[in-house]
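J.: What follows is a structure written as structure tokens; I'll ask about it next.
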Amino acid sequence: MATNERPTLGNFMSLTCFQYLRVGTEEVADRAPIVASGRKRGYDLIESLQLLGASEDSGLIQSKLEEALGAKGTRLCLVKSIIQKSKGSYEVHLAEGACTAGQVSSTPICAFTLGVFIGALHAITGIPMRGHEVACVACGSKECIYVIEAVAL
Ligand SMILES: [Zn+2]
């Protein structure tokens with residue numbers, strides 16, 4: 001079966017449509033489906049780069065994710081830094097995230113982007129991860145900051 005390759009419009013669409021999808025889904029079904037979608041996207045991205053279980057090095061992970069997701073990649077966000085706090089524990093700093101584009105909120109709102117980094121860190125380190133957002137541009141912060149750490153087994 002032929003796939004729709006969009007010869008004229010290519011791979012990108014408006015953030016406005018993304019925000020309607022994100023906000024509308026969260027109104028109906030809360031954040032879980034959006035986070036889950038992000039996790040799958042992050043995991044599959046690492047798999048497509050053939051980096052499953054490749055590294056726990058935060059500098060290498062930052063550079064691979066900035067390349068794939070930043071200005072020269074899919075433009076999900078700018079991956080400013082990833083800091084390893086301890087084994088299996090990372091702090092992700094990003095700017096210009098898709099989730100926060102044009103958004104103002106009293107609580108962090110990065111459900112999809114957070115999910116992408118949880119899935120990507122799980123895939124690249126081989127360690128199942130969970131995460132939460134501790135600072136968000138939508139709340140007035142300069143960066144969004146995610147704490148992502150190994151799921152206690
Ligand atoms: Zn945020």
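Taken together, the values in this text are just the output of simple stated rules run on the coordinates, not laboratory data. Being a predicted model, the structure only gives us computed values, none of them experimental. Reconstructed Cβ throughout: ideal geometry from the backbone, glycine too, with neighbour counts over all protein chains shown.
J.: Hey, can you tell me all the residues within segment 132-149 that are part of a strand (DSSP E or B) and either over 14 Å from the mean Cα position of the chain (by Cα) or away from the ligand (no atom under 12 Å from the Cβ) (or both)?
T.: If the condition is that a residue be part of a strand (DSSP E or B) and either over 14 Å from the mean Cα position of the chain (by Cα) or away from the ligand (no atom under 12 Å from the Cβ) (or both), then 134, 135, 147, 148, 149 are the ones that fit.
J.: Might you check whether a residue that is closer than 19 Å to residue 132 by Cα and under 13 Å from the mean Cα position of the chain (by Cα) occurs anywhere in segment 44-60?
T.: Looking for residues that are closer than 19 Å to residue 132 by Cα and under 13 Å from the mean Cα position of the chain (by Cα), one finds none in segment 44-60, hence no.
J.: Within the group 118, 127, 109, which residue is among the β-branched types (Val, Ile, Thr), away from the ligand (no atom under 13 Å from the Cβ) and part of a loop (DSSP other than H, G, I, E, B)?
T.: Criteria check complete, one pass: 127.
J.: Separate question: If you go through segment 72-87, how many residues are among the aliphatic types (A, V, I, L, M) and under 17 Å from residue 13 (Cβ atoms)?
T.: Going through segment 72-87 one residue at a time, the tally reaches 1.
J.: Now for a separate question. Which ones in segment 60-76 are without any contact (Cβ under 8 Å) to a residue 60 or more places away in the chain and either in a helix (DSSP H, G or I) or surrounded by 14 or more Cβ atoms within 10 Å (Cβ to Cβ) (or both)?
T.: 60, 62, 63, 65, 66, 67, 68, 69, 70, 73, 76
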